[in-house]
Amino acid sequence: MTTPSLDELILAAQKPSRYVGCEFGSVQKDSASVRLRFALAFPDTYEVGMSNLGFRLLYHGLNDRPEVGCERVFLPWPDLEAMLREHRLPLFTLESRTPVRELDILGITLQFELAYTSALALLDLSGIPLLARDRGPGDPVVVGGGPCAYNPEPVADFFDCFAVGDGEDVVHEIADAVLAWKGSGAARGSLLDRLADIPGVYVPSLFRPRFDPVSRALVAMEALKPGYETVVRRVVPDIDVLSTSAYERPVVPFMQTVHDRLPIEIQRGCTRGCRFCQVGMITRPTRQRSPATVLRVAEQGLRASGYEEVGLLSLSSGDYECLNPLLDDFLSRWEGERIALSLPSLRTETMNDSLARKIARVRKTGFTLAPEAATERMRAVINKGNREADLLGAVESIFKNGWSLLKLYFMIGLPEERDEDVVAIARLAKRCLSAARRALPPGKGSASINLGASTFVPKPFTPFQWEPMISPEETRRRQSLITAELGGRSGAIQFKPHDSRQAAIEGALALGDRRVGTAVLHAYRLGQRLDGWTEWFDEGRWAAAFAEMERVHGVDLAWFAYRRRRLDEVLPWDRIDCGVTKAYLQKQVAAARNLAEVVDCVLAPCTVCGACDYDVTKNRVYRAEDYQPAAAPPSERPVAATVRTHVRVRYSKEGRLIALSHLEVMTAVLRSVRRAGLPVAFSEGYHPKPRVSFGPALPVGLESQAEYLDLELVGAQDPTEAARRLGAALPRGLSVLEAYRIDPRTPSLSESVRSVHYRVEFPEGWSAEALAQRIDDFHSAEQSVVRRTAPPRPRDKKRNQRFAAPREREIDLKEMVTHLSVEGPGRVAFSLKAGPSGSAKPAEVLAAVFGDGTPPRGVRVLKEGVSFARTPPEMPTGFRPRSPRYADA
């Protein structure tokens, strides 16, 4: 049995578009033209990784250097992982499909602790030794980064080094160090010494933990390199001077990602001082991007990407003081183009009617608020800085402006929490629902709230890093208090408890030392990966992994997760300087117990946390009074014009893009239409849609030279020019073949297609005689019936109907196949009837005629023509189908 090709495995996987690459905006360099090859990896699936802005920033920053080629790597879904292992194929990069182990550097971003086993899966699938000490000069240098690099000890044995802090500058210094070492003949250890000399780089092998043999406590982290006692995080003092290529030339995924929009960072860092929030401590000080830069990169990014939405990102978007005038300028430019806005992180006290109206003007993109605590006492404990009146006012603004669903997120298990604070979560949610119902305009439906309550997990470099977390049993008890107060029934408030099992594992990994690596490695070897996905998380495997850790080291999960630490205890991350001092964090612990709140230092005097040097590293904000209105916006296209041009476009789909679904191709084409600047008409109504219609769906895995779409363009437009502009904006693998004007009365594509024509190329071993014999057998048979099982219809919640049973349907291919013949050695052509009621699938024909219940392997299927019910009016006289059998019906 021959080994299937990588393309065959990808087409056999769930969501093959995860592995396609060649997206618009992606960078593919000739390996011979670069001196350093860098694999940037995200230890989760493509749709999660491509939603991470930091990942995108580093990808473009590295590829801006001519001598560096940076490619992306994601963890495959378990189905493709199993196929790769079965056929002994290594994990590959997305751009060139090069085995990851052949590159010079593998940079893995660690965004949260439950990704640790997935990081090991990345290494193992790549054929890279899991333990750093086992790697030789031919193996890539494995670099970790992201928030988890602030306590890298649980995975220290698996990484050569970690980049701590902002990555934009340090990643280039790491690349330079590896470039200088390559070809020098020096040992790998000399490279580690060189890396340790880079500010912000933590090399685990140059530190040795020492434990008390009796208490098992960590007593020291011994530095093995003189002068290398502390690693100070890297900080970009001014984000306004950073490269903006990731915004101006963004990668546009084919599949829908978790955050499917153009992301623009308007502010980095937060000085609000929430005592549970790690990112709010390690990213200080507040550094804002200028409004002029935001508008400039938004304009260039929208033009280059074709996105329909822009996300203005920060830890607290409402703290961007110029937000309201910035939104005014944004809407004046792009409201006519139906570009939506999202502000993913809004605090309740910064939400108001004006902001809600602006966000709602184009399209409502969902609303989430995170009050975190439900009583004034608990909000003082965590220094949240908002009041109940702020939340209720925000809810009224949201629902008054047309939203009907709000997501509210709280935490349980916070330090100093009492049962009455937990019950108050449900009571506050009910008050929010009452406020929403009062504010919702008549006729706009009913108000509903999705309520979430996650378990508090203490994190390093926060005031609560010394605090214990509550056990899973206690978590479930407190969750039951909320359920009981809500009445125990699903209604307008949907309560979704957080999985208490995952929280316990996350806590042990977050606060663990190097001994926790034993549990991580054992969990991976038991089969764990993708722990952030509930369907793959297995508590039993993790229990066994921590039992193994206890057997080896004498400490268990509870020792790391449920134990209160002394303020003078040696912590695993003490050798890392995050900017905020330990003394300041200890002071904040006392303030929490005394219910003392600290005001944001952007608005009040400095609290001396240690993050600033007051010269280069300091708060950088843009005041509303200094805001300069943008230049006059470009003239809007004549959306009210009565003249319309209807254009039919024929395009091809080939290469890697055969792995895309019909919906993904539609999205890619629609974004290409935006990139091309074509004046597409929009539908009327609450959610306007572009007037673009597509032909019948092409099955995944097939190439085509006969895909069609119809465009309704505003004004008098030249079809040839429209085709030229659209073709230049399409991603590799989609090409415009022709375009012509049609009468607006022309039936839709789905109504007018009457037959579809295919050409099949068979691999070696299929003679013309063998193919002809199969075809003769088909023609001589009275019937050729295939049975098709349709998926069950979804449950109708309004009528309380259960899922309908799967539907069986029989199709006689003898009635569907209108032409079937051998056209040469290894080549067959056939045609299928088509119409509004559907058609047979090419795979069904191949399986019935040439297969044994399944299509033969290794065939190449090309859709090469379509016949319409009639010649579309105004079709150029020179246009004729390429073969007599394609003539119009």
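Note on the chain: dipole from Cβ charges, positive end direction compared against 785, 19, 835; the farthest Cα belongs to 835.
Put simply, the C-alpha atoms of the stretch 119-216 give a gyration tensor, and the ellipsoid matching it has half-axes of 22, 17, 15 Å, longest first. When Rg and Dmax are taken over the Cα atoms of the stretch 581-620, they come to 11.4, 34 Å.
Taking θ as phi - 60° and the Karplus parameters 6.51, -1.76 and 1.60, the scalar couplings of the stretch 566-574 work out to 5, 5, 9, 6, 6, 9, x, 9, 5 Hz in sequence order, x denoting glycine and proline. For the chain, the mean residue ellipticity at 222 nm estimated from helices alone is -9000 deg cm²/dmol, where every DSSP H run of n ≥ 4 contributes -39500 (n - 2.57) and the total is divided by all residues, rounded to the nearest 500. Straight-line cross-link reach from residue 182 at under 22 Å between alpha-carbon atoms covers these lysines, not counting any fewer than eight positions away in the same chain: 29. For the stretch 464-537, the solvent-accessible area of protein heavy atoms averages 38 Å² per residue (probe radius 1.4 Å; ligands and nucleic acids excluded).
Pop the C-beta distance of residue 496 and residue 87 into the FRET formula with R0 = 56 Å and round what comes out to the nearest 0.05.
Computed FRET efficiency for residue 496 and residue 87 comes out at 0.90.
Peptides 533-540, 588-595, 163-170, 13-20 ranked from most to least packed give 163-170, 13-20, 588-595, 533-540, packing being the mean of other C-beta atoms within 10 angstrom over each peptide's residues.
Normalised per residue, the accessible area of the stretch 27-134 is 31 Å², obtained with a 1.4 Å probe and no contribution from ligands, DNA or RNA. Cross-linked pairs 444/496; 358/407; 653/833; 358/444; 430/618: Cα-Cα separations exceed 30 Å for 430/618.
The residue among 51, 519, 381 whose Cα reaches farthest toward the positive pole of the charge dipole of the chain, with charges on the beta-carbon of Lys, Arg, Asp and Glu, is 381. Above 17 angstrom, tally the Cα pairs of the stretch 52-107 and express them as a % of all pairs, no decimals. Beyond 17 Å sits 45 percent of the P(r) for the stretch 52-107.
To the nearest µm²/s, what D does Stokes-Einstein give for the stretch 301-448 at 37 °C and 0.692 mPa s, using the Kirkwood radius over alpha carbon pairs as Rh?
On the way: Rh = 16.4 Å.
After rounding, the answer is 200 µm²/s.
What fraction of the Cα pairs in the stretch 273-324, stated in percent, has a spacing above 18 angstrom?
Across the stretch 273-324, Cα pairs with separations above 18 Å total 45 percent.
Taking only the C-alpha atoms of the stretch 448-556, the Rg (one decimal) and the largest Cα-Cα distance, Dmax (whole number), read 16.2, 50 Å.
With only Lys, Arg, Asp and Glu charged, each at its Cβ (+1 for the first two, -1 for the last two), find how big the charge dipole of the chain is about the Cα centre; round to the nearest 20 debye. Intermediate values should be presented prior to the final figure.
Details: 118 positive and 112 negative charges, 409 e Å.
So the dipole magnitude of the chain works out to roughly 1960 debye.
Protein heavy-atom accessible surface, 1.4 Å probe, per residue over the stretch 224-303: 31 Å². Under the convention that each Lys and Arg Cβ holds +1 and each Asp and Glu Cβ holds -1, the size of the dipole of the stretch 243-366 around its Cα centre is about 260 debye.
How big is the convex hull of the Cα atoms of the stretch 389-450, per residue, in Å³?
Taking the convex hull of the Cα positions in the stretch 389-450, it is 76 Å³ per residue.
Think of each Lys and Arg Cβ as +1 and each Asp and Glu Cβ as -1; about the Cα centre, that makes the dipole of the stretch 811-853 roughly 120 debye. Net charge of the neighbourhood of residue 180, taken over other residues with C-beta under 13 Å away and scored Lys/Arg +1, Asp/Glu -1, is -3.
Taken over the stretch 1-155, the percentage of Cα pairs per 5 Å bin, counting from 0 up to the bin with the maximum distance, is 2, 9, 19, 23, 21, 16, 8, 2, 0, 0. In summary, the helical segments of the chain meeting the span-like criteria, namely a full DSSP H run, a Cα extent along the axis of 27 angstrom or more and a mean Kyte-Doolittle hydropathy of at least -0.5, are 419-439.
Could you order the peptides 423-429, 738-744, 723-729 from most to least packed, using the average number of other C-beta atoms within 10 Å per residue?
Ranked by mean Cβ neighbours within 10 Å, highest first: 423-429, 723-729, 738-744.
For the pair the stretch 140-172 / the stretch 568-631, the C-alpha centres are spaced 24 Å from each other. Just to be sure I understand the curve: with the Debye formula and one point per C-alpha of the chain, what is log10 I(q)/I(0) at q = 0.04, 0.06, 0.09, 0.10 Å⁻¹? After summing over all Cα pairs, the log10 values are -0.21, -0.48, -1.07, -1.29. The portion of the accessible surface of the chain made up by carbon and sulfur, rounded to a whole percent, is 51 (1.4 Å probe; DNA, RNA and ligands excluded).
Each part gets one Cα centre, and for the stretch 458-527 versus the stretch 231-285 those centres are 26 Å apart. Considering the stretch 264-366 at the alpha-carbon level, its Rg and Dmax are found to be 13.9, 42 Å. Projecting the Cα atoms of 164, 141, 186 onto the charge dipole of the stretch 138-199 (Cβ charges, centred on the Cα centre) puts 186 farthest toward the positive pole.
The values are calculated or read from the model by the stated rules, or taken from the named source; none is laboratory data. Since we're looking at a predicted model, the values are computed, not measured. So basically every Cβ, Gly included, is an ideal-geometry build from the backbone, and we count neighbours across all protein chains shown. Just so you know, the surface numbers come from the protein's heavy atoms only, side chains and all, with ligands and any DNA or RNA stripped out. Shrake-Rupley method; radii C 1.70, N 1.55, O 1.52, S 1.80 Å.
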